[in-house]
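Participant: Below you will find the structure I want to go over with you.
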Amino acid sequence: MSAPDSTERAMLPLRFEGVGLDRNGRTLLHDLTFEISAGGVTVILGPNGAGKSLTLRLAHGLLGPTRGQVAWECPTEAARRDSALLFQHPVLLRRSARANVGYALALRGVPRARRTSLAQTALAAMGLSAVADQPAQRLSGGERQRLALARAQALSPRVLFLDEPASALDPAATEVLEAAILSLRDSGTKVILTTHDLAQARRMADDILLLHRGRLIERSPAAAFFTAPATETAQQFLDRRLSS
């Protein structure tokens, strides 16, 4: 799979400017202001209920903010076309693993003659060649997540959003999935993922955004965050003393 071309620089940074989100009379996100640049893995970290998934959905455009704005460097329509979002529990079609990838390519308008080779390449990259003809619904949890990742990879997204991608997986499946995600990062795809798992964040992150109760508490490179957090709230989270 070819790496995203240099036009990725025109897509990022992604900016949150005073973003707030209200639902049913409650403020769920408060005045989020930050910037996500190209390259590496950005991890949105925080305890359950911190607002991580909401922030990810706002970034991808599935939700609109109540206040403020979410702005790409490029037109929003182009950003949505060149990005992909994987949910914690992926929705897969009742057809083979290969056909799941092929269907996504068909929706994107890829000519039929190219779909098979692109699907095979994406499945091989995720270690799924042996199950390419098996029904997606019969795959294990880890295989299903990797299939969803293969489906996204086949579309060559410049930005990949992942919402708690390994929360339901065992350690062995998590290790395989993380390796696949890091391979995408190394190919040039910007990865933005949410997790409450400190160990996973340590393994994956190049930079950290820590959320708590809908507020951005800290933003820093991962190495600085884990060795010398700038806020007491961040230290409490690292010490596993921070409540939801």
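Participant: Can you pull the one-decimal nm distance between simple spin-label points at Arg219 and Thr76, each 7 Å off the Cα toward Cβ?
Facilitator: 2.0
Participant: Given the convex hull of the Cα atoms of region 77-152, what is a quarter of its surface area in nm²?
Facilitator: In nm², the orientation-averaged hull projection of region 77-152 is 5.0.
Participant: To check you understand DSSP bridge types, tell me what percent of the beta bridges within the chain (both residues inside) are antiparallel, rounded to 5.
Facilitator: Among the beta bridges of the chain, antiparallel pairing accounts for roughly 50 percent.
Participant: Could you order peptides 133-142, 37-46, 161-170, 79-88 by the average number of other Cβ atoms within 10 Å of their residues, highest first?
Facilitator: Per-residue mean Cβ counts within 10 Å order the peptides as 37-46, 161-170, 79-88, 133-142.
Participant: What does the helix-only formula give at 222 nm for the chain: each DSSP H stretch with n ≥ 4 adding -39500 (n - 2.57), the total divided by the residues, and the result rounded to the nearest 500 deg cm²/dmol?
Facilitator: -11000 deg cm²/dmol
Participant: With labels modelled as points extended 7 Å from the Cα through the Cβ direction, what inter-label distance (nm, one decimal) is found for Asp170 paired with Arg202?
Facilitator: It works out to 2.3 nm between the two label points.
Participant: Let me ask something else. What is the helix-to-structure angle for 141-153, meaning the angle in degrees between its Cα long axis and the longest Cα principal axis of the chain, kept from 0 to 90 and rounded to the nearest 10?
Facilitator: Between helix and principal axis, roughly 80 degrees.
Participant: Calculate, for region 56-122, the solvent-accessible area per residue in square angstrom, rolling a 1.4 angstrom probe over the heavy atoms of the protein chains.
Facilitator: I get 57 Å² per residue for this part.
Participant: Then there is this: Using 1/(1 + (r/R0)^6) with R0 = 25 angstrom and r between the beta carbons of Ser243 and Ser140, what's the FRET efficiency to the nearest 0.05?
Facilitator: The value I calculate is 0.15.
The values are calculated or read from the model by the stated rules, or taken from the named source; none is laboratory data. This one's a predicted model, so the numbers in the text were calculated from it and none came from an experiment. Note: ideal-geometry Cβ built from the backbone for every residue, glycine included; neighbour counts use all protein chains shown. Only protein heavy atoms, including side chains, enter the accessible area calculation; ligands, DNA and RNA are left aside. Shrake-Rupley method; radii C 1.70, N 1.55, O 1.52, S 1.80 Å.
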